[in-house]
Every structure is written in structure tokens, then in C-alpha cells.
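What follows is one structure encoded as C-alpha cells, with my remarks underneath.
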Amino acid sequence: MNINIAVDEGIKVLRSNFISSPQLDSEILMAKIINKDRNYVLLNSNKNLSKSDFKNFRELIQKRSLGKPVAYLTNKKYFWKSEFFVTEDTLIPRPDTELIIENVLRVTKHKKKLHILDIGVGSGCILLSILKENKTFYGTGIDISKNCINITKRNAINLKVISRIKLFKSNVDKFNLGKYDLIVANPPYIKKFDIKYLERDVAEFEPKLALNGGLDGLSEIRKTIKKSSELIRKNGIFILEIGFDQKNKVIKLLKNEGFFINIIQKDLAKNDRCVVCTKL
Ligand code: GLN
């Protein structure tokens, strides 16, 4: 058995199970099995594959066929400029969420030593990407999930920003520590009864805790806005990811808490996604 034949078999199995990127997924899963990167797989396709590697590869292909996302099978996802360790405890970092990073970099261009709070830090992808971009910034991350706190910690060590970060397992309501120049958040914002209509990979495998925004989708956003308004400095900036149909309601909530809306940016699919506002 060689790498090429196994990858081709993987592609066929994935395709027959209606997985949308069978070739890419098969190559990535092979790379995981032989502990190399995807380039190696492409360049060494006629190398021999051991029996046990082939068996393990087939198992991964089976799991992927049932919808389990590649990122959970490899425990890796690239976001902004770094690779993050992820598990089924964390949402898989999305390209749409990189809008938050772009905005942070734009509004903090000439700033130094800012204190940043990330509410619902998850894998750490937002906060750690920011800390990597500016070596003078300090970060605080909170999450209701202890497992997420541990995963962010692991990523912070990998990315060498652990000395500039503090992490707390906390409910957003209960957290009252510090004052922040900048607050970022990607809270759960899907309506509870809409989760089942998301793509199977998301609905069946990603953590409900990170998706479920309650009956109207806004229950965690409401808490996040209220808490941000308490913990942000005057003129501090708050950057929030929202659901595609939440713009008007979120503007109202933000104005009620004393925020001025700077911009609302659309994602690649042209949905309103990223709100940037300033505390007056
Ligand atoms: N954007 C995510 C999705 O694809 C939802 C993330 C969230 O609720 N914060 O469904």
C-alpha cells in the first residue's frame, strides 16, 4: 500500500458520503496519520504506507464521512497567522472572525500597552492573535468552560504570549476584574432552535455552549454588551461578532449602554458580521 492509493481511496469514500472537499480532506488526514504536512503527502505519494497507518487512516476517513470536522480530527486549525490547538470543547476558528483582528489592528495602530479583554475566549484564537501582533499589549480572557481556559493556555504557551495573558474561568455576569482599553467578543449568537438547521458538521459536532444564543439568539450578546459597558474605559473600543440578522437589535442594545457605533462590517458572504463601537 502506498500513500497515493490510500489517499485516493479516502477521496472516493468521502465523495460517496457527500463530503464537500474530499481531496483536501483526504490529504490532510493522511498528513495527520504519518505526522507530516500536506506538502509531504503531495510530494511523496508513492512512498510506502504501513499496515497500521493505513488502518488508522481508514478510521479517520470513516469519522470524517460521518461529518466530524477535519479540525477536530487533526486537533488543529489555522487562524490569522498562527496554528491553534482545538478540540470539541472549542468552536473551530472561522475566517469571518478574522474581521475582528483586522479591526483591532486598524484602531490600535499607534497604541502601546493596551489592556484587552476577550469575553468567551474559546481556543484563544482572537486574543492570542492580537497579542502576537503587538508585543506591548496585555490580554485577559474569560470563558465559562474550564476546558477552553486550558486550551487557550496551551495555545498561549505554543505562541509564546503566556507571560502577557491572564485567564479566568468565569461566567460573563460574574466577572468584575479590571478596566480595559479594548474588549473583543464572539459570543454564542445562534437561536437555540436554529442550531439544528446549521450545516451537519457544525450542528452535530461543535459545542452548543459556543453556539446557543438562547431563544432569540441575543441572550449572551446582551450579557456581553452590558458587561463590556461596565468594564471598558471611557473612549475604549468594543469589537463584537454578531449573527447575520442581528444588526438593528444589537445597535439598539449598544446605544442603550452608551456605545457609539463606528462601523458594522460585512463578512465574505456579505452578511453583517463585525461591529466596532466606542464607549462614550
Ligand atoms: N459563526 C458561527 C456559525 O457558523 C456561530 C458562532 C457563534 O455563535 N458565535 O454558525
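Return the Cα extents of region 59-177 along principal axes one, two and three, sorted largest first, each rounded to a whole Å.
Principal-axis extents of region 59-177 (Cα, largest first): 49, 30, 23 Å.
List, in the order given, every pair from K81/K146; K191/K255; K36/K132; K146/K208 whose Cα-Cα distance in the structure shown is over 20 Å.
Result: K81/K146; K191/K255; K36/K132 exceed 20 Å.
Based on the Cβ-Cβ distance of E59 and I5, what FRET efficiency does E = 1/(1 + (r/R0)^6) give at R0 = 25 Å, to the nearest 0.05?
For E59 and I5, the calculated efficiency is 0.90.
Computing the accessible area with a 1.4 Å probe over protein heavy atoms, can you report the carbon and sulfur percentage for region 50-128?
The value for region 50-128 is 52 percent carbon and sulfur by accessible area.
Under the definition of Cα pairs under 8 Å and six or more residues apart, what whole-number percent is the relative contact order of the chain?
14
From the mean inverse distance of alpha carbon pairs (Kirkwood) and the Cα radius of gyration, derive Rg over Rh for the chain.
1.02
Mind scanning K68/K226; K113/K279; K68/K223; K166/K252 and naming the pairs with a C-alpha gap bigger than 29 Å?
Beyond 29 Å between Cα atoms: K68/K226; K68/K223; K166/K252.
For the pair I264 and N176, how long in nm is the line joining their label points, each one 7 Å along Cα→Cβ?
Going from the I264 label point to the N176 one covers 3.3 nm.
What area, in nm² and to one decimal, does the C-alpha convex hull of region 168-280 cast on average over all directions?
The orientation-averaged projected area of the Cα hull of region 168-280 comes to 7.3 nm².
Using +1 on the beta carbon of Lys and Arg, -1 on that of Asp and Glu, and nothing else charged, what's the dipole of the chain about the Cα centre, debye to 20?
920
Provide, in order from the shortest bin, the percent of all Cα-Cα pairs of region 117-243 in each 10 Å bin, continuing until the bin that contains the maximum pair distance.
That works out to 13, 43, 34, 10, 0, in percent per bin.
Protein chains only, probe 1.4 Å: how do E27, E59 rank by accessible area, largest first?
Sorted descending by solvent-accessible area, the residues read E59, E27.
Mind checking the full-extension length gain between K146 and H110? Use 0.36 nm per residue of separation minus the Cα-Cα distance, one decimal, nm.
9.5 nm
Amide H to amide H, which residues 5 or more places from D118 or on other chains are under 5 Å from it, using H placed in the peptide plane?
T140, G141, I142, V184
Over the chain, give the accessible area per residue in Å² for a 1.4 Å probe, as an integer.
51
For region 123-219, run through the GluC sites (Glu not before Pro) and keep only the ones in DSSP coil with at most 15 other Cβ atoms within 10 Å of their Cβ.
Of the GluC sites (Glu not before Pro), the ones in loops of region 123-219 whose Cβ has at most 15 other Cβ atoms within 10 Å are E199.
Over all directions, what mean area does the Cα convex hull of region 19-67 project, stated in square nanometres?
Projected area, direction-averaged: 3.2 nm².
Given K112/K160; K227/K249; K32/K153, which pairs have Cα atoms separated by over 21 Å?
With Cα atoms farther than 21 Å apart: K32/K153.
For region 222-280, give the magnitude of the charge dipole about the Cα centre (Cβ charges: +1 Lys/Arg, -1 Asp/Glu; no others), in debye to the nearest 20.
Dipole size: approximately 180 debye.
Which order do K255, K77, K63 take when ranked by solvent-accessible area (1.4 Å probe, heavy atoms of all protein chains), largest first?
So, going from the largest accessible area down, we get K255, K63, K77.
With r defined as the distance between the Cβ atoms of K76 and Q23 and R0 fixed at 22 Å, what FRET efficiency is calculated, to the nearest 0.05?
Calculated value: 0.75.
Over region 137-247, what percent of the accessible surface lies on carbon and sulfur atoms, probe 1.4 Å?
55
The values are calculated or read from the model by the stated rules, or taken from the named source; none is laboratory data. Keep in mind it's a predicted model, so treat the numbers as computed, not measured. Using ideal geometry, Cβ is built from the backbone for each residue, glycine included, and neighbour counts are taken over all protein chains shown. Heavy atoms of the whole protein, side chains included, go into the accessibility calculation; ligands, DNA and RNA do not. Shrake-Rupley method; radii C 1.70, N 1.55, O 1.52, S 1.80 Å.
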